[in-house]
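Below: the structure, in structure tokens.
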Amino acid sequence: MVNSTSRRRAVCVGAASVLAAALIAAGSPAGAQEAVDLSEVFNPLVVRALQGGEISGEFTPLGLSSDDPWFDEPELSGDTAPGILLKARPVSVQVYQVRPDAVSAYQLMYTTTDHFGRRVISTGILMIPEDGTAPADRKIIGYAEANDSLGANCAPSHQWTGGNQSDPAMFSALGPVAEMFGRGWAVMMSDVGNDGDTSPHPFSVGQFSGKATLDGVRAALALPEAGLASDTPVGIYGVAGGGVAAGFAAEQAHTYAPELNVTASAIQAMMIDPATFEATAAGGIGSGFVFSSVLGFDAGYPEIKLDDHFTPVGRDVAAAFRTSCQALYLALPFVPFDVLLTNPAPRTIPALAAAYEDNTLGKQAPKSKLLISSCEDDFLVPFSEAQELADTYRADGGDVDLIPSQCGPLDYVTNLYKTVTDQLGMQDVAWLAAEFDEAESK
């Protein structure tokens, strides 16, 4: 425990972190729902966790680097099933300089399936609020964080233990995670691969990240210390880059992990068709992020051979991106792709075009209830794509709520709080809670 002055400092730092996330982080709003009340963010559990937490005068990351032997992977046999918990260890959550009280956490290593159907290994982090909720009454969220990093030690299990603190994905997740903790829900975040692996990590590859999200939940349910039953109600959640993983997890759940009790899924502001995203956003404000996404596909599909298409500048940028976390990618806006690539439309590279097609949402309708949140004024992901995705799912028998919203300049003037908390996807948490309640009432 810390003294009262330190406690007050912890509350101030924690409050500043969540409020900053609520006012700065990006995504696409779903403003047709009511605004999230501030008390849902600073709920009693969160306030108690901050008051009882520890604070350091300087950054003291607990996140462990790639040379930690814990990341060493065991040999898998040919018949190893997906979602098998291979190892686990308790870890301490640290967000910026605060180590909150009242949250238990475990770093997990488990088996999953990649986009080629191969059995591979992923790590992740499970966080459980210590709020007195009986394990039988808990829900668990497969939280696909918007982590779109190529480098090692960039993923959630590193971030939430004090490493990679500049990542906007963790920054933007503070509000939704606080809401989930306030409702007594456990939160499982997959690293989508072994975070200790030093080779470039694929991302935007939904055929991998969706399964890794589902297998992370399987592994969490298998952890004895968590005390969660195999039929624990499951929610799938993801915004922006996390929306890709969550969307594929929602699509695949009933065929890939039919034993999971997936009750509802919420996806927001996600790339639906990677080719359209590239065509829309390349060269604009998100140019660096689009380039990193292309590199992510290249990491996942070696046959793309993107190295054959780099300009000298592109080669240098790629070398930096491949060993970095995503905060760096945001620092390259408005760079034309012909500065980076000899083919300024990489979507026309046959191997990349095939990978894009394989990772376009809309393969099959989710069996669980689905929320699609999207901004009608989004200049990166056209709202027409969200509408088309909803129509595709509905035609296939899906039960879909599509909630359009506004995110124009005037919204930031007339209702800044609601607009930006909508962007974080915080309103989607209340939607998930209502779906859990409805399922329990049946």
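The values are calculated or read from the model by the stated rules, or taken from the named source; none is laboratory data. Because the structure is a prediction, the values reported are computed rather than measured. Glycine also receives a Cβ, built like all others from the backbone with ideal geometry; neighbour counts cover every protein chain displayed. Side chains included, ligands, DNA and RNA excluded: accessible areas come from the protein's heavy atoms. Shrake-Rupley method; radii C 1.70, N 1.55, O 1.52, S 1.80 Å.
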For the condition more than 30 Å from S65 (Cβ to Cβ) and assigned to a helix (DSSP H, G or I), what is the one hit in L330, L371, L380, L389?
L389
It is to be established whether one or more residues within the range 393-414 are free of Cβ contacts under 8 Å to residues at least 40 places away in the same chain, in contact with a strand residue (DSSP E or B) (Cβ under 6 Å, 6 or more places away or on another chain) and more than 30 Å from L260 (Cα to Cα).
no
Just one of D215, D148, D195 is modelled with pLDDT under 95, closer than 23 Å to L361 by Cα and among the charged types (D, E, K, R); which is it?
D148
Of the residues that make up the range 31-51, is at least one within 30 Å of T111 (Cα to Cα), open to solvent by less than 50 Å² (accessible area, probe 1.4 Å) and modelled with pLDDT under 85?
no
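Residue-wise test of (1) open to solvent by less than 30 Å² (accessible area, probe 1.4 Å); (2) touching a helix residue (DSSP H, G or I) at 6+ places or on another chain (Cβ under 7 Å); (3) of a type outside the set (A, V, I, L, M).
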{"position": "T342", "(1), (2), (3)": "no, yes, yes"}
{"position": "Y356", "(1), (2), (3)": "yes, yes, yes"}
{"position": "S368", "(1), (2), (3)": "yes, yes, yes"}
{"position": "S374", "(1), (2), (3)": "yes, yes, yes"}
{"position": "L380", "(1), (2), (3)": "no, yes, no"}
{"position": "T392", "(1), (2), (3)": "no, no, yes"}
{"position": "A395", "(1), (2), (3)": "no, no, no"}
Quick one: which of A152, A81, A136 is loosely packed, with under 14 Cβ neighbours inside 10 Å, farther than 23 Å from F181 by Cβ and of a type in the set (A, V, I, L, M)?
A81
Residue count, the range 164-177, condition open to solvent by 10 Å² or more (accessible area, probe 1.4 Å) and either at pLDDT 95 or above or not small (G, A, S) (or both), comes to 5
Where in the range 240-326 are the helices (runs of 4 or more DSSP H), entirely inside, with at least 1 residues that are open to solvent by 20 Å² or more (accessible area, probe 1.4 Å) and farther than 26 Å from I403 by Cβ?
241-256, 287-300, 312-321
Matching residues, the range 176-209, being out of contact with any helix residue (DSSP H, G or I) (no Cβ under 8 Å at 6 or more places or on another chain) and more than 24 Å from P90 (Cβ to Cβ)
T198
Across the range 92-126, which residue is nearest to D215 (Cα to Cα) among those that are touching a residue at least 24 places away in the same chain (Cβ under 8 Å) and among the basic types (K, R)?
R119
Pick out the one residue from V339, V381 that is β-branched (V, I, T), modelled with pLDDT under 95 and within 28 Å of C154 (Cα to Cα).
V381
Does at least one position in the range 347-357 carry a residue that is touching a Lys or Arg at 6+ places or on another chain (Cβ under 6 Å) and in a loop (DSSP other than H, G, I, E, B)?
no
